[in-house]
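Q: Below is the structure I would like to discuss, written out as structure tokens.
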Amino acid sequence: MNTQAGGKRTHGLPSHERLHTAVAREIAVAIVTGDYRPGDILVGENGASEALGVSRAAYREAIRILVAKGLVESRPKTGTRVCQRARWNLLDPEVLGWALENDPTPAFLRELFELRLTIEPRLAELAAERRSEEDMAQMLAALIDMERHAPDSEAAEEADRRFHAALATAAGNELMGQLTATIGVSVGYIARTKRQAAEDRDSTGDHRLLMEAIRSADPSMARSIAARIISRGLADLHLDR
């Protein structure tokens, strides 16, 4: 029989977030980092809302968010239970972001980059075949912003996200494009890791080569450069250290 999961350490709720969103994040991070384990039953609504210092309504809304993302299930009489990891929607950008917050395992990071290597080079190929002038203008604007800011800055990180989003739009595949937000989370994780480690590798040169391959309608070259960017991003994480 599963015991009540309670008394977990909390990290404080960010004041800039909507309250129920902040509560959902607090609980989710505890789940994805292993403070709560699959099968654990969360503290009841009254106790949890009191411990977190929020209303029961805010706590209920937070639980609804987590149910929708596959992290917990809530049933009458049995309470709210942490779901098995196989049910977590790890491609949801928020869930992925929570999973990356606290020392994700090397195996998880490799799986994330395997996904990127499956999706992004193909997106680059399609972009080289289908791009419009507007698509190229969006990529160029993002690239200029990447070049304008220090490689390890938050501004460069945001520009990098915009570049990949513009590339996905140029590919013209709506279903594959849905993964761009997930890709953006990965881009952000690499940037933060490099900032913390004082890494200074600048990927803007490769991004410019990728943009030129797309502009030149060279799918093979675009695919090759996109794969190289991802592989170098994985290398920057130094998972074999």
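The values are calculated or read from the model by the stated rules, or taken from the named source; none is laboratory data. Just so it is clear, the structure is predicted and the values come from calculations on it, not from any experiment. Cβ sites come from the backbone with ideal geometry, for glycine too, and all protein chains shown count toward neighbours.
Q: On the given criteria, is residue 159 closer than 23 Å to residue 98 by Cα and not charged (D, E, K, R)?
A: Yes; evaluated as a whole, the condition is true for this residue.
Q: Another one. On the basis of being under 20 Å from residue 230 (Cα atoms), modelled with pLDDT of 95 or more and over 13 Å from the mean Cα position of the chain (by Cα), does residue 122 make the cut?
A: yes
Q: Against the definition (among the hydrophobic types (A, V, I, L, M, F, W, C), surrounded by fewer than 16 Cβ atoms within 10 Å (Cβ to Cβ) and either modelled with pLDDT of 90 or more or not in a helix (DSSP H, G or I) (or both)), how does residue 91 come out, yes or no?
A: In short, yes.
Q: I need the helices (runs of 4 or more DSSP H) fully contained in the stretch 18-78, keeping only those with at least 2 residues that are closer than 25 Å to residue 105 by Cα.
A: On the way: elements: 19-32, 45-52, 56-68.
By residue number, 19-32, 56-68.
Q: If you don't mind, there's one more thing I want to ask. Out of the stretch 30-66, which residues are within 18 Å of residue 90 (Cβ to Cβ) and aliphatic (A, V, I, L, M)?
A: Correct list: 30, 31, 32, 65, 66.
Q: Moving on. Right, residue 113: in contact with a Ser or Thr (Cβ under 8 Å, 6 or more places away or on another chain), in a helix (DSSP H, G or I) and within 25 Å of residue 33 (Cα to Cα) or not?
A: Details: in contact with a Ser or Thr (Cβ under 8 Å, 6 or more places away or on another chain): yes; in a helix (DSSP H, G or I): yes; within 25 Å of residue 33 (Cα to Cα): yes.
When the stated conditions are applied, residue 113 passes them.
Q: Enumerate the helices (runs of 4 or more DSSP H) found wholly within the stretch 144-228, keeping only those where 1 or more residues are at pLDDT 90 or above.
A: Details: elements: 154-171, 174-177, 180-197, 204-215.
Output list reads 154-171, 204-215.
Q: Pairs please, first residue from the stretch 97-120 and in contact (Cβ under 8 Å) with a residue 24 or more places away in the chain, second anywhere and small (Gly, Ala, Ser), Cβ atoms under 7 Å, 6+ apart in sequence or on different chains.
A: Partner pairs satisfying both residue conditions: 98/28; 112/186; 116/186; 117/227; 120/226.
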